[in-house]
Amino acid sequence: MPDPIIRFENVTFSYAGTDEPALHDISLEIMPGEYVAILGLNGAGKTTLGLCVNGVVPTMLAGDLEGSVTVGGLDVADYPVREMAKLVGMVFDNPEFQMSQMSAEEEVALGLENAGTPYEDMKRIIPETLKLVGLEGFESRSPLGLSGGQQQRLAIAAVLAMHPKVLIMDEPTSNLDPIGKQEVFDMAAKLNRENGMTVIVIEHEVEVMARYADRVIVLDHGRIIMNGTPQEIFGRAEELATLGLRVPEAAAIAAILSARGLWKGPVPITTEPAVEAITELLGAKNG
Ligand SMILES: Nc1ncnc2c1ncn2[C@@H]1O[C@H](COP(=O)(O)OP(=O)(O)O)[C@@H](O)[C@H]1O
Ligand SMILES: [Mg+2]
């Protein structure tokens with residue numbers, strides 16, 4: 001077994017000037033190449049958890065941190081965020097706010113310049129990275145003229161240019177239309193599967209998480225209250241409902257049928273196996 005790429009050891013964090021910890025005794029290991037989804041209501045601590053991984057908490061946002069967070073064996077509290085950016089890239093919900101340059105090329109160049117990357121290397125890395133996110137040939141395009149999905153992919157390219165080992169996406173599709181959402185999730189899945197990127201996604205789109213995530217972590221009031229495979233977590237529809245969280249429609253339907261004694265066997269979390277099982281239940285299987 002390889003070592004975990006991310007390790008939280010008994011982490012409790014309170015922002016300066018607050019009494020209630022934003023994170024409460026978090027212990028967590030994430031393995032290289034894992035795709036982890038984080039669910040929870042607003043204020044549950046999801047963003048704070050992400051910011052602990054890229055080191056913004058505690059190095060830029062002040063507060064009281066107990067325990068330790070290590071990424072690739074490095075304690076994030078000991079490294080400036082600029083250094084951690086080589087290991088961890090993080091993107092947020094509003095791609096437009098993340099755009100600051102006149103062209104896509106300059107957008108990607110920004111972090112590289114800050115990291116002191118030689119110009120010759122930048123000339124190679126920029127087109128490579130744009131290609132990775134499906135924005136090949138977009139070098140001179142104005143970021144503000146791109147669609148939401150393209151902007152978010154450009155924001156992701158800007159962090160990928162640093163060749164991080166971990167990509168964190170904090171509600172990356174909240175401001176995107178369905179096509180933009182699809183573009184971003186397809187790209188993240190590809191980075192995970194083909195490039196072995198460790199992906200952490202903070203998301204409300206449970207259907208998408210059921211399809212892509214290896215693991216789902218549920219946060220509530222700063223604590224991890226569930227941590228398991230999508231199958232395990234989304235099979236607990238009632239518990240999630242009492243927390244105010246939903247499960248994929250397929251799992252919700254199975255839960256209702258199960259309560260009526262009509263469903264046996266594993267709970268489907270994506271549409272296709274649900275359709276299969278319901279077809280069988282109806283005794284109407286073709287062929
Ligand atoms: N910069 C900050 N200063 C003080 N409190 C904060 C700050 N950011 C978040 N919090 C508080 O920390 C808790 C967790 O917030 P957050 O991590 O943003 O949750 P989520 O991303 O799940 O909505 C909330 O109670 C929130 O009010
Ligand atoms: Mg948040």
Got a sec? What order do ASP3, ASP19, ASP25 fall in by accessible area at 1.4 Å, biggest, i.e. largest, first?
-> ASP19, ASP3, ASP25
When N counts the residues of segment 204-287, how does its alpha-carbon radius of gyration compare numerically with 2.2 N^0.38 Å, as a ratio?
-> 1.16
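Mind pulling the per residue volume of the convex hull built on the Cα atoms of segment 126-285? Å³ is fine. Don't skip to the end; give the middle numbers.
Numbers: hull volume 22.9 nm³, N = 160.
Output value, Cα hull per residue: 143 Å³.
Counting only DSSP beta bridges with both residues in the chain, what percent are antiparallel, rounded to the nearest 5?
Numbers: 20 of 37 bridges.
In the chain, approximately 55 percent of DSSP beta bridges are antiparallel ones.
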Mind listing the phi-derived Karplus ³J(HN,Hα) values for segment 259-275, rounded to whole Hz, using 6.51, -1.76 and 1.60 with θ = phi - 60°, and x for any glycine or proline?
-> 5, 8, x, 9, 10, 10, x, x, 7, x, 10, 10, 5, 4, x, 5, 4
Given the options GLU249, GLU106, GLU34, state which has the largest fluctuation in a GNM of the chain using a 10 Å cut-off (strictly under) for Cα springs.
-> GLU249
Each residue of segment 79-84 in turn: what ³J(HN,Hα) in whole Hz from Karplus with 6.51, -1.76, 1.60 and θ = phi - 60°, glycine and Pro shown as x?
-> 10, x, 4, 4, 6, 5
Theoretical ellipticity at 222 nm over the chain - DSSP helices of four or more residues, -39500 (n - 2.57) apiece, nearest 500 = -11500 deg cm²/dmol
The chain, relative contact order [Cα under 8 Å, separation at least 6], % | 21 percent
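Take the Cα pairs of the chain, get the Kirkwood Rh, then feed it into Stokes-Einstein at 10 °C and 1.306 mPa s and tell me D in µm²/s. Write down the numbers at each step before the final one.
Numbers: Rh = 20.2 Å.
The diffusion coefficient I find is 79 µm²/s.
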Cα long-axis angle, helix 104-114 against the chain (0 to 90 degrees, to the nearest 10) | 70 degrees
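Let me spell out the model: positive unit charges on the Cβ of Lys and Arg, negative unit charges on the Cβ of Asp and Glu, origin at the Cα centre of segment 22-145. What dipole size does that give, in debye rounded to 20?
Values: 7 positive and 19 negative charges, 41 e Å.
It works out to roughly 200 debye.
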Span from the segment 203-236 Cα centroid across to the segment 60-115 one, whole angstrom | 25 Å
Would you grab the residues whose amide H sits under 5 Å from the one on MET197? Only those 5+ places off in sequence or on another chain, please, with H modelled 1.01 Å from N.
-> ASN192
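The values are calculated or read from the model by the stated rules, or taken from the named source; none is laboratory data. Since we're looking at a predicted model, the values are computed, not measured. When we count neighbours, we look across all protein chains shown, and the Cβ atoms used for this are built from the backbone with ideal geometry, even at glycine. Ligands, DNA and RNA are stripped out before the accessible areas are found, and what is left, the full protein with its side chains, is counted by its heavy atoms. Shrake-Rupley method; radii C 1.70, N 1.55, O 1.52, S 1.80 Å.
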